[in-house]
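Heads up, the thing below is written out as C-alpha cells.
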Amino acid sequence: MNTTTLESLTDTTYDSVEGYRKAAEKAESPHLKQALNDRCQKRQKTLDTLNAELQRCGGELVTKGTVTGELHQMWMGITDMFENGDEAAAERVEEGEDYLKGKFEAALDEDDLDTQQRAVIQQCYAEVKEGERFADMLEKQYD
C-alpha cells in the first residue's frame, strides 16, 4: 500500500500543530492566545487521525517535524512575526493554512488512494478547511 501521500500530509500536519503551539506561546492578546490553542488542539486530533491511518497502512508514526519542510519554515516565520505584534502574525497564519489546504486538495486529486485512505484524508480535510476559515477570520480581525 502506498503511504507516500499520507506521510507527506502527516508531516505537514505535524508542522502545523507545532506552528500553532508556538504561535499561541508568542501571541500577546489573551483572546488570540486562546483561539490559537483551540486550533492547536483540533489540529492535534487531525494529526492523531492521520497517524492512525498511516500506521494501519504500515507506515511509521510522525512524531517530529520536517525541519526542512515548506510549512515548517512558514510557521517559523509566523512565530517570528509575533515579535512585530499579533496583526503581522495573523496574516502569516492565513498563508500557512492556505498552503496546508492546497496539499490536502492535491492529495484528494490523486488516483492511488484506497477507499479508507481517501475517507480519512477527506475527514481531515474538513478540519483543515475549518482552520483556513479561522485564519481568514483572524486576518480580517487584525486587518
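The values are calculated or read from the model by the stated rules, or taken from the named source; none is laboratory data. Here the structure is a predicted model, which is why all the values come from computation and not from measurement. Every residue, glycine as well, gets a Cβ built from its backbone with ideal geometry; the counts of neighbours run over all protein chains shown.
Miscellaneous remarks
- In the range 107-118, residue nearest to THR3 (Cα to Cα) [restricted to those that are outside any loop (DSSP other than H, G, I, E, B) and in contact with a helix residue (DSSP H, G or I) (Cβ under 9 Å, 6 or more places away or on another chain)]: GLN117
- Given (1) under 29 Å from GLN141 (Cα atoms); (2) free of Cβ contacts under 8 Å to residues at least 60 places away in the same chain; (3) surrounded by 15 or more Cβ atoms within 10 Å (Cβ to Cβ); (4) of a type in the set (S, T, N, Q), number of the condition THR10 does not satisfy: (1)
- Selection within the range 44-82 - modelled with pLDDT of 70 or more, among the hydrophobic types (A, V, I, L, M, F, W, C) and under 18 Å from LYS22 (Cβ atoms): LEU47, VAL62
- Residues satisfying the stated conditions in the range 45-63, i.e. surrounded by 17 or more Cβ atoms within 10 Å (Cβ to Cβ) and either out of contact with any Leu (no Cβ under 7 Å at 6 or more places or on another chain) or among the aliphatic types (A, V, I, L, M) (or both): THR46, LEU47, THR49, LEU50, LEU54, VAL62
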